[in-house]
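Working notes, structure below.
The values are calculated or read from the model by the stated rules, or taken from the named source; none is laboratory data. Remember, it's a predicted structure, so these values are computed and weren't measured experimentally. Virtual Cβ from ideal backbone geometry, glycine too; neighbours counted across all protein chains shown.
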Amino acid sequence: MPDYPTMTATEAIRHAKDVSGMTAEEIAAAAGIRPAAVRRYLAMDSDDYFPGLDKIPALCRAMHNDVLLQWLQAQISSKKRVEQATSRAEVLTAAARAAASLGDVQRTLANTEGSGITPFRARELRSLLQDVVLDCQHLQDMLLELASASDITEAEPLFSLRQEPATTPWWKKIFQR
C-alpha cells in the first residue's frame, strides 16, 4: 500500500502511471492533454508542474484508476486540529521533539558512513525527514493563535508554569545589605 500522505504530487502521478501500465503518450491521448504536459507531470526534476484540479478526473479516467483521487483524499484528511500552546513548557517540549526527530536523521546518516546511502536507507531517511517536517508543523500549529494576534492586548504571552516567588529570595536579602 503506498504511503499517500507523504507522497509528493509527482510521486503520486508516477505511481498512478505505473499502476495503469500506460505510456505518457497513451495517457495524454486518452485524457485529451498534450503529451508534453503529461511528461512534465511525470518529470522528477521538480519544476513544480502539476495538473490542475480540473485535469485530475480526466487523468484518473484515462489511467483507469483512482490513485490521484486517493492521494488527494490523503492530503485533505491528514490535517488534524492541534491544541494551542498554553505555556512555554509545551512549546519547549514540541521544539525538543522536532530536534529529536532531526537527531534521528543525523544518526541514520552517521550509520551510512561505511556503506553509503542505499535505496533502503534513502527510503528510511525520507520517512525520518517527514517526521521532522510533521513535528515542526505541529510546533507551528501550536503557536498559530498567538502568532495571529497583532499585539499583547489580543493574546496573553506564554509564560512558564512555575510561578515566580512573590517575596524576595533569601539570598537577595543577604547580598543587598
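Return the pair list, or none, for Cβ contacts closer than 9 Å from residues in region 6-30 that are within 10 Å of Met63 (Cα to Cα) and at pLDDT 90 or above to residues that are among the β-branched types (Val, Ile, Thr) and in a loop (DSSP other than H, G, I, E, B), at least 6 apart or on different chains.
So the pair list comes out as Lys17/Thr23; Ile27/Ile33.
Quick test of your reading of the structure: Leu92 fulfils all but one of (1) without any contact (Cβ under 8 Å) to a residue 24 or more places away in the chain; (2) in the same structural domain as Leu59 (by the TED database). Name the failing condition by number.
Only one criterion is unmet by Leu92, namely (2).
I'm told Leu72 meets every condition in (1) within 28 Å of Arg126 (Cα to Cα); (2) assigned to a loop (DSSP other than H, G, I, E, B) except one. Can you identify the failing condition by its number?
Leu72 satisfies every listed condition except (2).
Considering (1) farther than 30 Å from Phe159 by Cα; (2) touching an Asp or Glu at 6+ places or on another chain (Cβ under 6 Å), say which one Arg107 fails and leave the rest.
Only one criterion in (1) farther than 30 Å from Phe159 by Cα; (2) touching an Asp or Glu at 6+ places or on another chain (Cβ under 6 Å) is unmet by Arg107, namely (2).
Looking only at helices (runs of 4 or more DSSP H) that fall completely inside region 97-177, which ones have 2 or more residues that are modelled with pLDDT of 90 or more and acidic (Asp, Glu)?
Working: elements: 119-142, 144-148, 170-175.
Qualifying helices (runs of 4 or more DSSP H): 119-142.
Would it be correct to say that Arg81 is among the basic types (Lys, Arg) and surrounded by 14 or more Cβ atoms within 10 Å (Cβ to Cβ)? Before you say what the answer is, go through the steps one by one.
Details: among the basic types (Lys, Arg): yes; surrounded by 14 or more Cβ atoms within 10 Å (Cβ to Cβ): no.
No: the conditions fail for Arg81.
Return the residues of region 32-69 that are closer than 15 Å to Ala16 by Cα, assigned to a loop (DSSP other than H, G, I, E, B) and in contact (Cβ under 8 Å) with a residue 12 or more places away in the chain; say none if nothing qualifies. First the steps, then the outcome.
Taking region 32-69 first, the residues closer than 15 Å to Ala16 by Cα are 38-44, 50-51, 55-69.
Checking which are assigned to a loop (DSSP other than H, G, I, E, B) leaves us with 43-44, 50-51, 55, 64-66.
If the condition is that a residue be closer than 15 Å to Ala16 by Cα, assigned to a loop (DSSP other than H, G, I, E, B) and in contact (Cβ under 8 Å) with a residue 12 or more places away in the chain, then Ala43, Met44, Phe50, Pro51, Lys55, His64, Asn65 are the ones that fit.
Out of all the residues in region 82-91, is one or more under 19 Å from the mean Cα position of the chain (by Cα), within 30 Å of Leu53 (Cβ to Cβ) and at pLDDT below 90?
yes
Being in contact with an Asp or Glu (Cβ under 7 Å, 6 or more places away or on another chain) and under 29 Å from Arg123 (Cα atoms) is the requirement here; does Ala37 meet it?
Numbers: in contact with an Asp or Glu (Cβ under 7 Å, 6 or more places away or on another chain): no; under 29 Å from Arg123 (Cα atoms): yes.
Answer is no for this residue.
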